[in-house]
Amino acid sequence: MQANGHHILIIEDEQPIRRFLKASLSNQGYRVSEAISGEEGLRMAAAQPPDLVILDLGLPDLDGQDVLKRLREWYTSPIIVLSARDQESQKITALDSGADDYVTKPFGVGELLARMRTAIRHAHQVGPEAMTVTIGDIRVDLAARLVYRNGDEVHLTPLEYKLLVTMVKHAGKVLTHRFLLREVWGPQDSQENHYLRVFVASMRRKLEDNAARPRYILTEQGVGYRFAAE
Ligand code: CA
């Protein structure tokens, strides 16, 4: 699938990764700009706002988290962060600071492209909100507050329903534990990760063919959950 000429800004100090990304993304039809430092990235984003930013968290001049926060003061399009394998907590901080998604180095370009397509698709969703959401065998009728799996109604508790709606509205996107807890239970309970585990286990029993190998409610280890995009 060609990428419609969307303009992507890569902020990454490591030249081999930058080169690889530029070649791969250009090949997919994206227009690519490159910045080799946080300051340069911020300058370039302001001069010509891109449709999506790929931001490395480990930059030589500024902390990637600070670059992210400064971008998010005005920039509303998607930001995908690149993090190293030993930066688990950084990933979560970045998502909570407004990053849309992350990939962990070393990553496959197919994975990054899929995340980019999801992020850009969400950013371009306009018009009235859909009344039903269908993903695979699951259909959520938001107006009637009913859930179907293969056409059969699935009985969810009110909190399970609220959690499912939060997930399907962000299908394809990683959602942190903190985000989900805040959305469903409110700010006072945002540390209670075990609530989520209990509810997700119950929802998987109701929605998945095999709760031990979920197809829809995917675990992002140490970070949160992602509802499959299709
Ligand atoms: Ca780096």
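The values are calculated or read from the model by the stated rules, or taken from the named source; none is laboratory data. All values derive from a computational prediction rather than experimental measurement. Cβ: placed from backbone, ideal geometry, glycine included. Neighbour counts: every protein chain shown. Each accessible area value is taken on the protein alone, full model and side chains, heavy atoms only, with ligands, DNA and RNA left out. Shrake-Rupley method; radii C 1.70, N 1.55, O 1.52, S 1.80 Å.
Points worth noting:
- Entirely in segment 148-230, the strands (runs of 3 or more DSSP E) that have 1 or more residues that are closer than 24 Å to Thr118 by Cβ and open to solvent by 40 Å² or more (accessible area, probe 1.4 Å): 217-220
- Filter result (under 14 Å from Asp56 (Cα atoms) and not basic (Lys, Arg)) within segment 1-19: Ile8, Leu9, Ile10, Ile11, Glu12, Asp13, Glu14, Gln15, Pro16, Ile17
- Filter pass, Gly41 being outside any helix (DSSP H, G or I) and not basic (Lys, Arg): no
- Residue in segment 190-205 that is free of Cβ contacts under 8 Å to residues at least 60 places away in the same chain, on the phi < 0 side of the Ramachandran plot, touching a strand residue (DSSP E or B) at 6+ places or on another chain (Cβ under 7 Å) and not hydrophobic (A, V, I, L, M, F, W, C) present: yes
- Evaluated against (1) within 16 Å of the ligand (Cβ to nearest atom); (2) touching an Asp or Glu at 6+ places or on another chain (Cβ under 7 Å), Asp86 falls short on exactly one condition, (2).
- Flag for Pro49 being within 20 Å of Arg121 (Cα to Cα) and within 18 Å of the chain's Cα centre (by Cα): no
- Residue list for segment 53-77, restricted to those being more than 16 Å from the ligand (Cβ to nearest atom) and surrounded by 23 or more Cβ atoms within 10 Å (Cβ to Cβ): Leu71
- Out of Val140, Val109, sole residue that is under 20 Å from Leu164 (Cα atoms) and either touching a residue at least 24 places away in the same chain (Cβ under 8 Å) or of a type in the set (Phe, Trp, Tyr) (or both): Val140
- Here segment 19-52 is the region considered, the condition is being within 16 Å of the ligand (Cβ to nearest atom) and open to solvent by 60 Å² or more (accessible area, probe 1.4 Å), and the residue that is nearest to Val109 (Cα to Cα) is Phe20.
- Some residue of segment 127-134 being touching a Phe, Trp or Tyr at 6+ places or on another chain (Cβ under 8 Å) and either among the aliphatic types (A, V, I, L, M) or buried (at least 17 other Cβ atoms within 10 Å of the Cβ) (or both): no
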